[in-house]
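Below is one structure, written out as structure tokens; comments come after it.
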Number of protein chains: 2
Amino acid sequence: MPPPSPALFFDTVNSYQRTEALRAAIELDLFTQVAAGKTTAEQLGEACQSSPRGVRILADYLTIMGFLRKDGREYHLTPDAEAFLDRRSPAFLGGALEFLLADDLRQSFRRLTGAVRRGGTPDEGTVSHDNPIWVAFARAMAPLMHMPARLLADLIGGDVQQPLRVLDVAAGHGLFGIAVAERYPQARVTALDWPNVLAVAAENAKRAGVGDRHALLPGSAFDTDWGGPYDVVLLTNFFHHFDVPTCKQIAAKAHSALAPGGRAVTLEFIPEPDRVTPPSTAGFALVMLATTARGDAYTFAEYRDIFASSGFRRSEFHALPPTTQQAVVSYKD
Amino acid sequence: MPPPSPALFFDTVNSYQRTEALRAAIELDLFTQVAAGKTTAEQLGEACQSSPRGVRILADYLTIMGFLRKDGREYHLTPDAEAFLDRRSPAFLGGALEFLLADDLRQSFRRLTGAVRRGGTPDEGTVSHDNPIWVAFARAMAPLMHMPARLLADLIGGDVQQPLRVLDVAAGHGLFGIAVAERYPQARVTALDWPNVLAVAAENAKRAGVGDRHALLPGSAFDTDWGGPYDVVLLTNFFHHFDVPTCKQIAAKAHSALAPGGRAVTLEFIPEPDRVTPPSTAGFALVMLATTARGDAYTFAEYRDIFASSGFRRSEFHALPPTTQQAVVSYKD
């Protein structure tokens with residue numbers, strides 16, 4: 001056994017520096033310039049309107065973090081950076097910083113000690129009525145959702161020509177419902193969310209060419225009549241904001257809105273029963289502690305119970321590699 | 001080769017959450033309570049005046065980060081946490097957050113993009129005249145310095161009864177000079193720093209029982225006459241704040257102040273020539289980019305050149321495991 005080392009303490013205390021380094025690199029569009037063939041600190045300094053010295057220190061740090069590879073004096077993108085950080089890549093994720101590093105979220109973490117004391121935020125947190133953060137979310141996070149949305153659409157199965165009726169609860173950017181509409185040309189999707197958020201979903205549906213099969217149901221998921229019946233109810237990144245009794249209300253509402261043979265399809269951060277693996281999935285619980293009154297990252301056993309107690313016959317777990325999220329498909333009967 | 005994954009992007013963007021989680025745990029004294037035998041979320045909630053739910057989510061996150069080990073519903077300290085995060089441990093590091101997470105430092109990183117553009121801070125940064133951050137530094141960082149100070153004293157060598165004359169430049173908490181005074185009972189140490197900082201060093205020298213062999217030389221290392229001659233000049237965590245020409249001025253001043261046979265002993269973050277390994281050492285350059293006008297983490301080749309050009313005959317490199325720092329011993333002749 002090696003002697004104890006203060007390295008982990010220092011790395012962790014200074015972790016906020018990683019956040020800022022990645023943010024600075026994205027703001028300077030450094031990854032895009034590396035992809036465009038500017039590989040030395042001098043070339044990058046000119047391309048990013050920065051000092052070569054500043055770029056060299058930042059690029060070394062990005063190399064340490066795994067976004068760049070350094071070969072002599074030249075920097076190259078790692079495969080992850082190439083896929084997600086070059087602004088010209090269709091999977092560019094840089095815009096997500098608008099949401100992921102919104103001042104409100106950061107401030108919530110500055111108050112984390114209080115959240116641990118209370119077990120959550122003192123108010124409703126981010127799920128308060130018509131919170132404008134969800135418009136920022138819908139705009140900023142859409143590019144991250146194409147891959148999970150396609151993976152989730154894969155779970156529906158059956159003939160692509162079936163006339164699916166789909167309800168997309170708390171639709172946000174709308175991409176989950178839109179991915180189903182793209183996969184199933186006869187599908188009709190109803191997107192439920194606050195009106196200001198739905199405007200973003202409607203834009204995205206139009207851009208994807210499925211606007212004529214994408215209806216809007218404005219309001220709170222709790223107060224609005226969901227209509228129906230539906231063949232599929234999508235519950236994506238919604239449950240984690242609430243406590244178990246509230247999750248059961250949501251599941252019961254899904255059960256009532258589903259036609260015979262219907263399914264609820266849930267996308268979530270679902271850790272193993274130990275709640276500490278997989279790390280990136282399990283760690284999400286802390287975001288819910290910091291930003292909601294009673295939200296959590298529930299295990300599959302908990303979701304199975306939530307759906308079973310609401311009348312669903314059975315639930316299946318699906319990992320969705322390479323994403324850090326998982327899915328549950330719950331069958332009405 | 002695995003397909004590209006957005007996991008590193010998410011982990012890095014959210015890294016600031018690690019900082020806050022560790023800070024919250026230290027503020028709540030959670031590690032001390034685990035060490036005292038409170039091992040479940042319920043017991044810890046009571047001991048830390050916190051919600052069991054809040055503690056459970058925080059402790060799971062600390063487990064993911066490697067500070068706790070989870071065994072069923074019980075949490076235990078990892079060896080690192082036991083050594084450095086239990087408030088009753090002599091090596092407790094929690095107090096260092098006062099410096100490491102000082103608002104000024106955090107704010108510097110919020111402005112990192114500008115620092116990359118300019119190649120440093122727009123002003124002198126943290127090395128401005130009499131900057132009060134160095135008093136906070138001297139108070140908060142002392143507990144982290146006992147181990148490197150002892151390792152540095154090991155490098156001096158020779159008979160412990162020799163009457164060493166030691167100059168401790170930019171002494172801060174004074175622990176490096178004090179460790180030499182403890183090791184060499186005939187040593188006399190002169191500590192040079194701003195007057196408000198020297199007050200902390202003098203306290204520490206008195207507490208260590210070496211106050212009668214610990215003199216104070218108040219002022220700027222640049223403007224003050226260093227006196228001498230000395231057998232040893234200690235240059236600990238000082239060079240990294242400055243550019244190479246300034247480092248050469250400092251080395252030249254050390255050379256002049258040394259007696260024949262004397263040595264300069266430098267403690268620094270000294271990366272390999274690639275400037276990206278070892279990670280925790282090399283990553284320190286970013287702190288200098290964010291908080292100083294022209295500071296850096298210099299390689300051993302650069303230090304060798306700095307000392308050689310100031311008349312030193314030769315310099316030796318020393319790793320100081322398990323710390324993330326390294327040392328250079330430079331011989332006057």
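Within region A:175-217, how many residues are polar (S, T, N, Q) and at pLDDT below 95?
Adding up the residues that qualify gives 1.
Please give the number of the condition B:Gln107 fails out of (1) over 14 Å from the mean Cα position of the chain (by Cα); (2) buried (at least 17 other Cβ atoms within 10 Å of the Cβ); (3) more than 10 Å from chain A (Cβ to nearest Cβ).
Only one criterion is unmet by B:Gln107, namely (2).
Quick one: in region A:277-325, which of the residues that are open to solvent by 20 Å² or more (accessible area, probe 1.4 Å) and hydrophobic (A, V, I, L, M, F, W, C) is nearest to the other protein chains (Cβ to nearest Cβ)?
A:Val287
Which residues, taken from region B:182-204, are in contact with a Leu (Cβ under 9 Å, 6 or more places away or on another chain) and open to solvent by less than 10 Å² (accessible area, probe 1.4 Å)?
B:Tyr184, B:Ala187, B:Val189, B:Ala191, B:Leu192, B:Leu198, B:Ala201
Quick check on A:Ala264: is it more than 11 Å from chain B (Cβ to nearest Cβ) and either among the charged types (D, E, K, R) or open to solvent by 40 Å² or more (accessible area, probe 1.4 Å) (or both)? Give the steps one after another, and end with the answer.
On the way: more than 11 Å from chain B (Cβ to nearest Cβ): yes; either among the charged types (D, E, K, R) or open to solvent by 40 Å² or more (accessible area, probe 1.4 Å) (or both): no.
No, not satisfied.
Among the residues of region A:140-176 satisfying the criterion of being touching a strand residue (DSSP E or B) at 6+ places or on another chain (Cβ under 6 Å) and of a type in the set (D, E, K, R), which is surrounded by the fewest Cβ atoms within 10 Å (Cβ to Cβ)?
A:Arg165
Can you name the residue in region A:121-140 that is within 14 Å of chain B (Cβ to nearest Cβ) and out of contact with any Gly (no Cβ under 7 Å at 6 or more places or on another chain) and is also farthest from A:Asp296 (Cα to Cα) among such residues?
That would be A:Pro122.
Mind listing whichever residues of region B:1-38 are among the charged types (D, E, K, R) and either within 7 Å of chain A (Cβ to nearest Cβ) or in a loop (DSSP other than H, G, I, E, B) (or both)? Steps first, answer last, please.
From region B:1-38, those among the charged types (D, E, K, R) are B:11, B:18, B:20, B:23, B:27, B:29, B:38; that's our starting set.
If the condition is that a residue be among the charged types (D, E, K, R) and either within 7 Å of chain A (Cβ to nearest Cβ) or in a loop (DSSP other than H, G, I, E, B) (or both), then B:Asp11, B:Arg18, B:Glu20, B:Glu27, B:Asp29, B:Lys38 are the ones that fit.
When you scan region A:214-293 for strands (runs of 3 or more DSSP E) that lie fully inside it, which ones turn up with 3 or more residues that are touching a helix residue (DSSP H, G or I) at 6+ places or on another chain (Cβ under 6 Å) and of a type in the set (S, T, N, Q)? Explain how you work it out, then say what you get.
Numbers: elements: A:214-218, A:230-236, A:258-268.
Once the strands (runs of 3 or more DSSP E) in region A:214-293 are filtered for at least 3 residues that are touching a helix residue (DSSP H, G or I) at 6+ places or on another chain (Cβ under 6 Å) and of a type in the set (S, T, N, Q), nothing remains.
Mind listing just one residue for me: the one in region A:39-66 that is open to solvent by 30 Å² or more (accessible area, probe 1.4 Å) and more than 10 Å from chain B (Cβ to nearest Cβ) and, of those, nearest to B:Ala285 (Cα to Cα)?
A:Glu42
Return the total of residues in region A:126-139 being among the small types (Gly, Ala, Ser) and open to solvent by 20 Å² or more (accessible area, probe 1.4 Å).
First, pick out the residues of region A:126-139 that are among the small types (Gly, Ala, Ser): A:128, A:136, A:138.
In the following step, the residues that additionally are open to solvent by 20 Å² or more (accessible area, probe 1.4 Å) were identified as A:128, A:136.
So the count comes out to 2.
Take A:Asp71 and decide whether it is open to solvent by 10 Å² or more (accessible area, probe 1.4 Å), farther than 21 Å from B:Leu289 by Cβ and not β-branched (Val, Ile, Thr).
Working: open to solvent by 10 Å² or more (accessible area, probe 1.4 Å): yes; farther than 21 Å from B:Leu289 by Cβ: yes; not β-branched (Val, Ile, Thr): yes.
In short, yes.
Please list, ordered by residue number, the helices (runs of 4 or more DSSP H) wholly in region B:83-195 having 1 or more residues that are closer than 20 Å to A:Phe9 by Cβ. Walk me through it before giving the result.
Working: elements: B:97-100, B:103-110, B:112-118, B:133-154, B:175-183.
Answer list for region B:83-195: B:97-100, B:103-110, B:133-154, B:175-183.
Taking region A:78-98 on its own, how many of its residues are open to solvent by 20 Å² or more (accessible area, probe 1.4 Å) and more than 10 Å from every other protein chain (Cβ to nearest Cβ)?
Number of matching residues: 6.
The values are calculated or read from the model by the stated rules, or taken from the named source; none is laboratory data. The structure displayed is predicted, hence computed values, not measured ones. With ideal geometry, Cβ positions are generated from the backbone for all residues, glycine too; neighbour counts draw on all protein chains shown. The protein model used for the area step is the full one, side chains on, heavy atoms only, and it has no ligands, DNA or RNA in it. Shrake-Rupley method; radii C 1.70, N 1.55, O 1.52, S 1.80 Å.
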